1. On the protein heavy atoms, probe 1.4 angstrom, tell me the percent of accessible surface of the range 2-105 carried by carbon and sulfur.
2. With the other protein chains left in place, how much accessible area per residue, in square angstrom, belongs to the range 72-204 at a 1.4 angstrom probe?
3. How much length, in nm to one decimal, is gained on full extension between Leu186 and Lys96, taken as 0.36 nm per residue of separation minus their Cα-Cα distance?
4. Report Rg(Cα)/(2.2 N^0.38 Å) for the chain, keeping two decimals.
5. Residues with beta-carbon under 12 Å from that of Ala64, excluding Ala64: net charge, scoring Lys, Arg +1 and Asp, Glu -1?
6. Can you find, among Ser14, Tyr55, Gln144, the residue sitting farthest towards the positive end of the charge dipole of the chain, where Lys and Arg contribute +1 and Asp and Glu -1 at Cβ?
7. Take peptides 2-11, 184-193 and line them up by average Cβ neighbours within 10 Å, highest first, as a rough protection proxy.
8. Taking the Cα-to-Cβ direction at Thr160 and at Ala143 and moving 7 Å from each Cα, how far apart do the two end points lie in nm?
Amino acid sequence: MNAVRYEQQLVYPSKILCVGRNYVEHIKELNNSLPEQMVVFNKPNSSIAKQLHAYHQETLHYEAEICFLIRNGEYAGVGLGLDLTKRALQSQLKQKQLPWERAKAFDGSAVFSRFIDLTGIDVSALQLELYINCVRVQCGGVAQMIFSPAQILSDLQSYTTLLDNDVVMTGTPQGVGEVHRGDVFLGRLKCADQTLIEVEWLAE
(Lines give C-alpha, C1' and ligand atoms only; values in the text may rest on other atoms or scores of the structure.)
Protein backbone atom coordinates (compact mmCIF):
# COMPACT_ATOMS: atom_id res chain seq x y z
CA MET A 1 0.00 0.00 0.00
CA ASN A 2 1.18 3.51 -0.83
CA ALA A 3 1.23 6.18 1.87
CA VAL A 4 0.69 9.90 2.32
CA ARG A 5 2.00 11.93 5.25
CA TYR A 6 -0.49 13.32 7.77
CA GLU A 7 1.30 15.48 10.30
CA GLN A 8 4.14 13.20 11.51
CA GLN A 9 2.58 9.90 10.44
CA LEU A 10 2.51 7.88 7.27
CA VAL A 11 -1.09 6.83 6.57
CA TYR A 12 -2.54 4.61 3.88
CA PRO A 13 -5.62 5.76 1.93
CA SER A 14 -7.86 2.98 0.66
CA LYS A 15 -8.99 5.25 -2.18
CA ILE A 16 -8.92 8.77 -3.56
CA LEU A 17 -12.24 10.39 -4.44
CA CYS A 18 -11.92 13.08 -7.10
CA VAL A 19 -14.34 15.82 -8.09
CA GLY A 20 -14.28 16.93 -11.71
CA ARG A 21 -15.59 20.15 -13.24
CA ASN A 22 -15.75 22.10 -9.98
CA TYR A 23 -14.42 25.47 -11.24
CA VAL A 24 -16.33 27.33 -13.98
CA GLU A 25 -13.24 28.76 -15.71
CA HIS A 26 -11.61 25.31 -15.90
CA ILE A 27 -14.80 23.89 -17.42
CA LYS A 28 -14.64 26.61 -20.09
CA GLU A 29 -10.94 26.05 -20.88
CA LEU A 30 -11.62 22.37 -21.68
CA ASN A 31 -14.87 23.16 -23.55
CA ASN A 32 -16.91 21.02 -21.16
CA SER A 33 -20.50 21.57 -20.13
CA LEU A 34 -21.53 22.71 -16.65
CA PRO A 35 -22.49 19.63 -14.61
CA GLU A 36 -26.06 19.21 -13.39
CA GLN A 37 -24.72 17.16 -10.49
CA MET A 38 -21.28 16.57 -9.03
CA VAL A 39 -18.86 14.68 -11.29
CA VAL A 40 -16.92 12.07 -9.31
CA PHE A 41 -14.30 9.48 -10.18
CA ASN A 42 -11.96 7.38 -8.04
CA LYS A 43 -8.25 6.68 -8.05
CA PRO A 44 -6.93 3.55 -6.32
CA ASN A 45 -4.18 3.50 -3.69
CA SER A 46 -1.78 2.33 -6.43
CA SER A 47 -2.12 5.71 -8.16
CA ILE A 48 -0.25 7.47 -5.31
CA ALA A 49 3.34 8.39 -6.21
CA LYS A 50 6.18 10.15 -4.42
CA GLN A 51 7.66 11.38 -7.71
CA LEU A 52 6.06 13.63 -10.34
CA HIS A 53 6.37 12.07 -13.79
CA ALA A 54 5.96 13.82 -17.13
CA TYR A 55 5.11 10.72 -19.14
CA HIS A 56 3.12 7.49 -18.78
CA GLN A 57 2.44 6.00 -22.22
CA GLU A 58 1.71 9.59 -23.30
CA THR A 59 2.44 13.15 -22.11
CA LEU A 60 0.70 13.94 -18.83
CA HIS A 61 -1.22 17.07 -17.83
CA TYR A 62 -1.17 18.53 -14.31
CA GLU A 63 -4.20 19.65 -12.30
CA ALA A 64 -3.49 21.19 -8.87
CA GLU A 65 -6.16 20.62 -6.24
CA ILE A 66 -7.02 21.33 -2.62
CA CYS A 67 -7.26 17.93 -0.94
CA PHE A 68 -8.74 16.68 2.32
CA LEU A 69 -7.93 13.63 4.43
CA ILE A 70 -10.76 11.77 6.16
CA ARG A 71 -10.97 10.66 9.79
CA ASN A 72 -14.20 9.43 11.41
CA GLY A 73 -16.23 10.43 8.38
CA GLU A 74 -15.10 14.06 8.52
CA TYR A 75 -12.34 16.19 7.05
CA ALA A 76 -9.39 15.98 9.43
CA GLY A 77 -6.46 17.14 7.33
CA VAL A 78 -5.78 19.33 4.31
CA GLY A 79 -3.04 19.32 1.70
CA LEU A 80 -2.22 19.91 -1.96
CA GLY A 81 -2.36 17.35 -4.73
CA LEU A 82 -1.67 16.98 -8.42
CA ASP A 83 -4.23 15.00 -10.41
CA LEU A 84 -2.22 13.81 -13.41
CA THR A 85 -4.21 13.14 -16.56
CA LYS A 86 -3.67 11.52 -19.94
CA ARG A 87 -5.51 14.31 -21.73
CA ALA A 88 -5.42 12.84 -25.24
CA LEU A 89 -6.74 9.51 -24.01
CA GLN A 90 -9.36 11.23 -21.85
CA SER A 91 -10.62 13.15 -24.88
CA GLN A 92 -10.93 9.92 -26.88
CA LEU A 93 -12.83 8.22 -24.06
CA LYS A 94 -15.17 11.18 -23.61
CA GLN A 95 -15.96 11.24 -27.33
CA LYS A 96 -16.97 7.59 -27.07
CA GLN A 97 -18.89 8.24 -23.83
CA LEU A 98 -16.67 5.77 -22.00
CA PRO A 99 -15.36 5.97 -18.39
CA TRP A 100 -12.20 7.99 -17.69
CA GLU A 101 -10.32 5.52 -15.47
CA ARG A 102 -7.64 4.68 -18.04
CA ALA A 103 -6.80 8.40 -18.29
CA LYS A 104 -7.08 9.22 -14.58
CA ALA A 105 -6.44 6.16 -12.38
CA PHE A 106 -3.12 4.84 -13.70
CA ASP A 107 -0.08 4.21 -11.50
CA GLY A 108 1.57 7.48 -10.48
CA SER A 109 -1.44 9.67 -11.33
CA ALA A 110 -1.70 11.28 -7.87
CA VAL A 111 1.07 13.23 -6.13
CA PHE A 112 0.50 14.86 -2.75
CA SER A 113 2.11 17.28 -0.33
CA ARG A 114 1.99 16.44 3.34
CA PHE A 115 -1.38 16.89 5.04
CA ILE A 116 -1.78 19.14 8.07
CA ASP A 117 -4.40 19.09 10.79
CA LEU A 118 -7.48 21.09 9.85
CA THR A 119 -8.18 22.30 13.39
CA GLY A 120 -8.47 26.09 13.48
CA ILE A 121 -8.33 26.50 9.69
CA ASP A 122 -11.14 28.38 7.91
CA VAL A 123 -11.99 26.01 5.06
CA SER A 124 -13.92 28.71 3.21
CA ALA A 125 -10.72 30.80 2.93
CA LEU A 126 -8.49 28.05 1.49
CA GLN A 127 -6.70 28.84 -1.77
CA LEU A 128 -4.04 27.18 -3.91
CA GLU A 129 -1.29 28.55 -6.10
CA LEU A 130 0.83 26.53 -8.54
CA TYR A 131 4.03 27.83 -10.13
CA ILE A 132 6.02 26.09 -12.85
CA ASN A 133 9.58 27.34 -13.33
CA CYS A 134 8.70 30.45 -11.26
CA VAL A 135 5.64 31.33 -13.39
CA ARG A 136 2.23 31.15 -11.72
CA VAL A 137 -0.03 28.91 -13.80
CA GLN A 138 -2.94 28.16 -11.43
CA CYS A 139 -4.68 30.10 -8.68
CA GLY A 140 -8.05 29.38 -7.14
CA GLY A 141 -9.84 28.29 -4.03
CA VAL A 142 -12.96 27.33 -2.18
CA ALA A 143 -14.66 30.65 -3.00
CA GLN A 144 -14.64 29.73 -6.71
CA MET A 145 -15.86 26.14 -6.32
CA ILE A 146 -19.25 25.14 -7.71
CA PHE A 147 -19.58 22.48 -4.98
CA SER A 148 -18.14 23.48 -1.61
CA PRO A 149 -16.07 21.03 0.45
CA ALA A 150 -19.07 20.49 2.75
CA GLN A 151 -21.34 19.72 -0.22
CA ILE A 152 -18.73 17.35 -1.62
CA LEU A 153 -18.48 15.43 1.65
CA SER A 154 -22.26 15.14 1.97
CA ASP A 155 -22.65 13.96 -1.63
CA LEU A 156 -19.89 11.34 -1.31
CA GLN A 157 -21.35 10.00 1.93
CA SER A 158 -24.73 9.58 0.25
CA TYR A 159 -23.43 6.64 -1.76
CA THR A 160 -20.07 5.39 -0.43
CA THR A 161 -18.29 4.71 2.86
CA LEU A 162 -15.37 7.03 3.54
CA LEU A 163 -12.69 5.17 5.46
CA ASP A 164 -10.05 6.74 7.68
CA ASN A 165 -7.20 8.25 5.64
CA ASP A 166 -9.15 8.33 2.37
CA VAL A 167 -8.35 11.46 0.36
CA VAL A 168 -10.84 13.79 -1.33
CA MET A 169 -9.59 15.91 -4.27
CA THR A 170 -11.90 18.89 -4.82
CA GLY A 171 -11.24 19.86 -8.44
CA THR A 172 -8.83 22.17 -10.24
CA PRO A 173 -8.99 25.84 -11.31
CA GLN A 174 -8.11 27.00 -14.82
CA GLY A 175 -4.52 26.89 -16.04
CA VAL A 176 -3.93 23.16 -16.53
CA GLY A 177 -1.30 22.05 -19.01
CA GLU A 178 1.46 19.62 -19.93
CA VAL A 179 4.16 18.40 -17.57
CA HIS A 180 7.63 18.59 -19.11
CA ARG A 181 10.64 16.69 -17.82
CA GLY A 182 12.82 19.03 -15.77
CA ASP A 183 9.97 21.39 -14.84
CA VAL A 184 10.09 22.65 -11.26
CA PHE A 185 6.62 22.76 -9.68
CA LEU A 186 6.01 24.88 -6.59
CA GLY A 187 2.64 24.55 -4.90
CA ARG A 188 1.26 26.64 -2.08
CA LEU A 189 -1.80 26.04 0.05
CA LYS A 190 -2.96 29.27 1.67
CA CYS A 191 -5.64 30.36 4.09
CA ALA A 192 -6.39 33.96 3.18
CA ASP A 193 -2.88 35.48 3.10
CA GLN A 194 -1.18 32.87 5.27
CA THR A 195 0.80 30.07 3.59
CA LEU A 196 0.02 26.76 5.29
CA ILE A 197 1.97 24.40 3.04
CA GLU A 198 4.65 24.92 0.42
CA VAL A 199 5.82 21.94 -1.63
CA GLU A 200 8.19 21.51 -4.57
CA TRP A 201 8.23 18.73 -7.15
CA LEU A 202 10.77 18.16 -9.93
CA ALA A 203 9.22 16.46 -12.96
CA GLU A 204 11.05 13.39 -14.23
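1. Working: 2300 of 4980 Å².
On the range 2-105, the fraction of accessible area on carbon and sulfur atoms equals 46 percent.
2. Values: 6220 Å² over 133 residues.
That works out to 47 Å² for each residue.
3. On the way: separation 90, 0.36 × 90 = 32.40 nm, distance 3.53 nm.
Going from the current span to full extension adds 28.9 nm.
4. Values: Rg = 15.5 Å, N = 204, 2.2 N^0.38 = 16.6 Å.
The value comes to 0.93.
5. On the way: positive: Arg136, Arg188; negative: Glu63, Glu65, Asp83, Glu129.
Summing Lys and Arg as +1 and Asp and Glu as -1 gives -2.
6. The one lying farthest along the dipole's positive direction is Tyr55.
7. On the way: 2-11: 15.1, 184-193: 17.2.
My ranking of the peptides, most packed first, is 184-193, 2-11.
8. 3.1
The values are calculated or read from the model by the stated rules, or taken from the named source; none is laboratory data. Nothing here was measured: the structure is a model prediction, and the numbers come from that model. Ideal geometry is used to build each Cβ from the backbone, glycine not excepted, and the neighbour counts take in all protein chains shown. Calculation scope for accessible area: heavy atoms of the full protein, side chains included, ligands and nucleic acids excluded. Shrake-Rupley method; radii C 1.70, N 1.55, O 1.52, S 1.80 Å.
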